[in-house]
Amino acid sequence: MADTIADGTIVGGTGESWLLIRGARIFDGEAVRESGSVLARGGRIVEAGSTTFEPPGAELVDGRGRTVLPGLIDCHVHALPGSLEQALAYGVTTMLDMFNVPEVIPELQALAMARADVADVRSAVVGATAPGGHPTQLLKKMGAPDFPTLSGPREADRFVGAQVANGADYIKIVIEDGAGFGLKMPCLSAESVRAVVEAAHRRGKLAVAHAMTRAAFEAAVESGVDGLGHVFIDREPGPDLGARASAAGVFVVPTLSVLEAATGASGSAELAGDPRLSAYLDPNWRAMLGWGSHDFYGHPEPPPRLEHAVLTTRLMHAAGVPILAGTDAPLRTAYGLSMHRELALLVGAGLSPTEALVAATAAPARCFGLADRGRIAPGLRADLLMVDGDPTRDVTATRAIVGVWRGGAPLDREAYRRRVSGAG
Ligand SMILES: [Zn+2]
């Protein structure tokens, strides 16, 4: 685990430090308790419920009128330097990177291991894509270094082995012929996709697919991948897709917040204008919210529609497919910030507020095998978020953040705010 030192000590959690939150509503990642306490020591949760024990010297936190949740897990980002700080300021304690260049990830992992005031990160490192395939066009324009691609199924094993050696926690597979962007692009064959999935599974790694068209999504579901990193926006889902996805045992990260932006809506801009959130937005990432699609993409036919993605999410959820929250930041979404939009969009797609919160906490931990987090339970990391109000009734209450702890260490959000606003 990236942020647990060899002897089991948690970054931020010094051995004897106690944290006691009292009188709060507790959403433990799965269920709600209307009033209770959370006790943590040395960065780990000791008890969640109704402790009367008050350790001398504990950090005491008044939770009345507030809700404590597990720190949020964003299941689809591309982490860049500076991203882990902002994510944590918005209550995201873990980010799952879904494609990156090998140069970036070790530095971020080292940062997450050394400092409690940044989010933790897991990564696929380089995803499998065809030579010249998506997202080589984006990375080239962003000036990223060259990275390996996959020209056929025979290379799959070596490719996956190289990513595991690079530190990949799971394997990303890009199934994109450009149709989703109105472009024509080289794409992995079905044989290559299956070979990558098999190579990942041989190494005990999950395989997660990028697919943004209905055809690619259906192909991914049939290919044996463990999860889908988007839903599609080009067409309506067929009525049996939920049942097929459920039978295949996949999880789905809809990323409605980025699809909303890709189809021209301005949800992220609305977020960036919310005074509860705007003060913590790094100007660099704010600029990415309006990132020009026209520089990179064509005009897909038929025009993409968010409604297709919402309906697909609704069908998947109704069929019992695990839904996980993810933003695709920084692609027209922003680290941490856009999770608060994603949660609202998931509610709009038929999840209850509590189910949307599960999608950002316990469900990602379960699907990605992150056994030490995602719930408030004894022995787990004290990665916590506290908000005013009740997000289990009104999910937008997650925006009213009053406290963030990583490994039991409180984040000084005010210091972060001063830093990004240039006043400190
Ligand atoms: Zn992505």
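Residues in the range 30-48 that are assigned to a loop (DSSP other than H, G, I, E, B) and crowded, with 24+ Cβ neighbours inside 10 Å: Gly43 only. Only one of the listed residues (Arg341, Arg305, Arg286, Arg314) is closer than 30 Å to Lys184 by Cβ and among the basic types (Lys, Arg). That residue is Arg305. Here Gly91 clears all of (1) more than 14 Å from the ligand (Cβ to nearest atom); (2) touching a His at 6+ places or on another chain (Cβ under 6 Å) except the condition numbered (2).
Per-residue answers, yes or no, for (1) within 16 Å of the ligand (Cβ to nearest atom); (2) in a helix (DSSP H, G or I):
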| position | (1), (2) |
| --- | --- |
| Pro303 | no, no |
| Ala334 | yes, no |
| Glu342 | yes, yes |
| Thr354 | no, yes |
| Arg373 | no, no |
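Inspect all residues belonging to the range 292-302 and state whether any of them is of a type outside the set (Ser, Thr, Tyr) and within 20 Å of the chain's Cα centre (by Cα). Scanning the range 292-302 turns up no residue that is of a type outside the set (Ser, Thr, Tyr) and within 20 Å of the chain's Cα centre (by Cα). Restricting the range 95-135 to residues that are among the β-branched types (Val, Ile, Thr) and within 16 Å of the ligand (Cβ to nearest atom), the residue that is farthest from the chain's Cα centre (by Cα) is Thr129. Somewhere in the range 81-104, is a residue at pLDDT below 95, surrounded by 18 or more Cβ atoms within 10 Å (Cβ to Cβ) and out of contact with any strand residue (DSSP E or B) (no Cβ under 9 Å at 6 or more places or on another chain)? The answer is yes, given that some residue of the range 81-104 is at pLDDT below 95, surrounded by 18 or more Cβ atoms within 10 Å (Cβ to Cβ) and out of contact with any strand residue (DSSP E or B) (no Cβ under 9 Å at 6 or more places or on another chain). On the stretch given as the range 314-324, residues that are part of a loop (DSSP other than H, G, I, E, B), surrounded by 23 or more Cβ atoms within 10 Å (Cβ to Cβ) and away from the ligand (no atom under 16 Å from the Cβ) total 1. Checking the range 250-265 against the condition returns no match, with no residue being surrounded by fewer than 16 Cβ atoms within 10 Å (Cβ to Cβ) and either within 16 Å of the ligand (Cβ to nearest atom) or among the acidic types (Asp, Glu) (or both).
Name the single residue, out of those in the range 144-175 being exposed (fewer than 15 other Cβ atoms within 10 Å of the Cβ) and in a helix (DSSP H, G or I), that is farthest from the chain's Cα centre (by Cα). Restricting to residues being exposed (fewer than 15 other Cβ atoms within 10 Å of the Cβ) and in a helix (DSSP H, G or I), the top hit is Arg154. Please go through the range 340-388 and pick out each residue that is in contact with a Phe, Trp or Tyr (Cβ under 8 Å, 6 or more places away or on another chain) and within 17 Å of Arg314 (Cα to Cα). Across the range 340-388, the qualifying residues are Thr354, Leu357, Ala363. Among residues of the range 398-417 that are closer than 15 Å to Ala114 by Cα, those with a Cβ under 6 angstrom from a residue that is of a type in the set (Asp, Glu), sequence gap 6+ or separate chain, pair up as Arg406/Asp383; Leu411/Asp117. Could you tell me which residue of the range 77-88 is nearest to the ligand (Cβ to nearest atom), considering only residues that are small (Gly, Ala, Ser) and assigned to a helix (DSSP H, G or I)? This residue is Ser83.
Going residue by residue through the range 63-76, is there one that turns out to be within 16 Å of the ligand (Cβ to nearest atom) and either of a type in the set (Lys, Arg) or under 22 Å from Tyr416 (Cβ atoms) (or both)? There is at least one residue in the range 63-76 that is within 16 Å of the ligand (Cβ to nearest atom) and either of a type in the set (Lys, Arg) or under 22 Å from Tyr416 (Cβ atoms) (or both). What are the pairs with Cβ atoms under 7 angstrom where one residue, in the range 328-356, is among the aromatic types (Phe, Trp, Tyr) and the other, located anywhere, is in a helix (DSSP H, G or I) and at pLDDT below 95? Sequence gap at least six, or different chains. Between residues of the range 328-356 that are among the aromatic types (Phe, Trp, Tyr) and residues that are in a helix (DSSP H, G or I) and at pLDDT below 95, the close pairs are Tyr335/Trp285. Checking the structure you have, find out if any residue of the range 227-242 is assigned to a strand (DSSP E or B), within 24 Å of Leu357 (Cβ to Cβ) and hydrophobic (A, V, I, L, M, F, W, C). Yes - at least one qualifying residue is present in the range 227-242.
Per-residue answers, yes or no, for (1) at pLDDT below 85; (2) surrounded by 14 or more Cβ atoms within 10 Å (Cβ to Cβ); (3) in contact with a strand residue (DSSP E or B) (Cβ under 6 Å, 6 or more places away or on another chain):
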residue: Pro275; (1), (2), (3): no, no, no
residue: Met288; (1), (2), (3): yes, yes, no
residue: Pro302; (1), (2), (3): yes, no, no
residue: Ala309; (1), (2), (3): no, yes, no
residue: Thr312; (1), (2), (3): no, yes, no
residue: Gly326; (1), (2), (3): no, yes, yes
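Cβ separations smaller than 9 Å between residues 6+ apart or across chains give the following pairs from the range 49-71 residues that are part of a loop (DSSP other than H, G, I, E, B) and modelled with pLDDT under 90 to residues that are loosely packed, with under 13 Cβ neighbours inside 10 Å and among the polar types (S, T, N, Q): Ser50/Ser35.
The values are calculated or read from the model by the stated rules, or taken from the named source; none is laboratory data. Computed from a predicted structure; not experimentally measured. Positions of Cβ are generated from backbone atoms using ideal geometry, with glycine treated the same way; all protein chains shown enter the neighbour counts.
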